[in-house]
1. Using the count of nearby Cβ atoms within 10 Å as a rough guide to exposure, how do SER19, SER8 rank from fewest to most?
2. Evaluate 2.2 N^0.38 Å with N set to the residue count of the stretch 228-275, then give the Cα radius of gyration divided by it.
3. Kirkwood Rh over Cα pairs of the stretch 119-171 into Stokes-Einstein at 4 °C, 1.567 mPa s: D in µm²/s?
4. So if I average 1/r over every pair of distinct C-alpha atoms in the chain and take the inverse, what Kirkwood radius in Å does that give?
5. How large is the convex hull of the Cα atoms of the stretch 52-158 per residue, expressed in Å³ as a whole number?
6. How do LYS300, LYS246 line up, fewest other C-beta atoms within 10 Å first?
7. Using just the helices of the chain, give the 222 nm mean residue ellipticity in deg cm²/dmol: DSSP H runs with n ≥ 4 each add -39,500 (n - 2.57), and the total is spread over all residues, rounded to 500.
8. Quickly work out the GLU285-to-SER30 label distance, labels modelled 7 Å from Cα along the C-beta direction, and quote it in nm with one decimal.
Amino acid sequence: MSNESSFSPYHTYDRIEWSRLGRGIPLSVSEGELERLRGKNDPIVLAEVSEVYLPLAKLIYLLEDRNHIDQKTTHLFLGKIPPKVPFIIGIAGSVAAGKSTAARLLKILLSRLPHRPQVDLVTTDGFLHPNAVLEKRGLMKRKGFPESYDVRRLIRFLADIKSGVPQVEIPVYSHLIYDIVPGETQVIRQPDLLILEGLNILQTPQADEKAPRLTVSDFLDFSLYVDAREDDLTRWYVERFQLLRKTAFRQPESYFRRYANLSVEEAEKTALSIWKEINARNLAENIAPTRERARLILEKGADHSIRRIRLRRF
């Protein structure tokens, strides 16, 4: 563990130091499974799974166990039977940082812990307002910004989950059509652990009387932030856009079908424009300022691999 200023709220570990903390947890992901879990242009390898994500899964397991004990103690004091509520893990970070890969990988690793917990994964994309609503409000170019989400619905979902509601249905978002899928829902039935992945889940309350008094982060039992330098994020976004131009964008139902026939140069120019106009602004205004609120920060290098891990100590 590297030396930290006495004023820093974090302990900082390099990959080797952190990997030692995962001893006793067997690697339960194969190369074939990892290939299917990888995001677009995310070159994560099994060594990173073993050295970074296994210790993280072990930490979450220990924290979940302690959280369960605390809940039982509180309900014993109150003289009530505790409902089954999940331990909620929040994963935040910029567009193109690799949040989705981290979320999918953690879901697999946690579900294969010795006690075989039920683990569900929810993305906040499902709580975006439908495109028709965003267009009416003039927010299509601010999609992903806090105001583009139905925050009240997201808060209600989390409150229901933490209240032990047996079954909760939430909307489903499609990246292909770039919109909420009409009539389709994801059903959550009292999992042991719930992973919530999204851009703005660590935000503090807004200075708005109409905003909910509770925030998403109030419901998180553990949070992590996937961090990278902005120039790397920009490059990864452009690389992903180029890859999608040759794959998903070519599907007839794709919202971005108009970009499929762009040249390499035109696609790069378009991707950089979208990044600058939307994603970079959202990162600077809303996402990056929440980084230090995370319990754990995964710091990535230029090659997308995790170089340092920062764990909050107070």
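Bear in mind these aren't lab numbers, they're just calculated from the coordinates by the rules spelled out. All figures in this text were calculated on a predicted structure; none of them were measured in a lab. For neighbour counting, all protein chains shown are included, and Cβ atoms are generated from backbone atoms with ideal geometry for every residue, glycine included.
1. SER8, SER19
2. Computed over Cα atoms of the stretch 228-275, the ratio equals 1.13.
3. Result for D is 107 µm²/s.
4. Averaging 1/r across every pair of different Cα atoms and inverting gives 20.7 Å.
5. Here the figure is 129 Å³ per residue.
6. Ordered by Cβ neighbours within 10 Å, fewest first: LYS246, LYS300.
7. -9500 deg cm²/dmol
8. It is 4.7 nm.
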